[in-house]
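Since every read-out is calculated from the coordinates, none of them should be taken as a lab result. Since we're looking at a predicted model, the values are computed, not measured. Positions of Cβ are generated from backbone atoms using ideal geometry, with glycine treated the same way; all protein chains shown enter the neighbour counts.
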Amino acid sequence: MNEKTLLIVAGGLVVAAFLLGFVPEYLKAKHLDNQLSATRQQLNAERDKSQMDELGLLCGYVYLEVNLKNYGLASQYSSRFFDRVRVMMGQSPDSTRRAFLQDALGKRDSITGGLAKGDPSTLSAVQDLFQRTLETAQNGSK
């Protein structure tokens, strides 16, 4: 063999050795990237469920305190609830959940005002909001 042919064969062997090392690692990295993506999606779904569960709990506290006519505590829980709704508005890509959050924010003034006055008729608005919160949370977890 002449020197030129030997150089081409050696170059081909170097490229083949590189590919033999690179391809399996590339496939492994691709598989791990897919697993990471799936895990991130699952984590986001669980985080969304947890946030909706938290909203349901806060709204449940408001409902309980209004039933007990503890309007001061109900007002505190209500503030936490609506603050959390506002934060979630910027995070939620789901159109159904977004519509619920906008609707809940629309009821904020009437509920907050009713709680500040100690108005017993606020109970029906809080009850409706509580039911809608639970329905939205349940629909999101399915």
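Structure notes:
- Ordering of 80-91, 13-24, 55-66 by packing [mean C-beta count within 10 Å, highest first]: 55-66, 80-91, 13-24
- Set of lysines with alpha-carbon distance to Lys69 below 27 Å, sequence-local pairs under 8 removed: Lys107, Lys117
- Helix 95-106 vs. the chain, principal-axis angle (Cα, 0 to 90°, nearest 10): 30 degrees
- Relative to the dominant Cα principal axis of the chain, helix 122-140 is inclined by about 20°.
- Ordering of 25-36, 42-53 by burial proxy (mean other Cβ atoms within 10 Å per residue, highest first): 42-53, 25-36
- Relative contact order (percent, whole number), the chain, Cα cutoff 8 Å, 6+ residue spacing: 27 percent
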